[in-house]
1. On the basis of being at pLDDT below 85, open to solvent by less than 80 Å² (accessible area, probe 1.4 Å) and not aromatic (Phe, Trp, Tyr), does residue 30 make the cut?
2. Residues that are modelled with pLDDT under 95, β-branched (Val, Ile, Thr), open to solvent by 70 Å² or more (accessible area, probe 1.4 Å) and out of contact with any Gly (no Cβ under 9 Å at 6 or more places or on another chain): does the range 58-72 have at least one?
3. Looking at the range 37-49, which of the residues that are without any contact (Cβ under 8 Å) to a residue 12 or more places away in the chain and not small (Gly, Ala, Ser) is surrounded by the most Cβ atoms within 10 Å (Cβ to Cβ)?
Amino acid sequence: MSYYSGCLDSHKPHFLEACFLCRKTLGRNSDIYMYRGNTPFCSKECRQEQIEIDQSTEKKSWKMSSSSSRSVRKSDPKDSTPNKTVRTGTVAVA
């Protein structure tokens with residue numbers, strides 16, 4: 001029994017074996033189009049489609065965080081009372 005015999009049975013696919021988007025097998029002698037570090041694509045078209053998907057997702061995420069931060073910044077003048085006492089200073093704990 002060989003030391004490596006168990007490793008061959010539990011073969012995990014290498015990240016460059018298939019296109020990230022369409023899962024097409026990447027050939028050994030074909031071009032691989034990379035995006036964001038280690039994400040492989042079989043064609044410029046697949047890579048561009050993923051770029052557009054990511055941009056759309058990022059825009060939606062940005063809009064959601066932007067609108068929620070705007071709603072936090074807008075405070076109702078009725079909620080703020082001018083008679084509140086605020087103490088400032090240093091607190092020492094022993």
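The values are calculated or read from the model by the stated rules, or taken from the named source; none is laboratory data. Given the structure is predicted, the values throughout are model-derived calculations rather than measurements. Methodologically, a virtual Cβ is constructed for each residue, glycine included, from the backbone with ideal geometry; neighbour enumeration extends over all protein chains shown. Accessible surface is based on the protein model in full, side chains and every heavy atom, while ligands, DNA and RNA are left aside. Shrake-Rupley method; radii C 1.70, N 1.55, O 1.52, S 1.80 Å.
1. no
2. yes
3. Narrowing the range 37-49 to residues without any contact (Cβ under 8 Å) to a residue 12 or more places away in the chain: 37, 44-45, 48.
Next cut, not small (Gly, Ala, Ser) only: 44-45, 48.
Values: 44: 10, 45: 12, 48: 14.
Taking the candidates together, the pick is 48.
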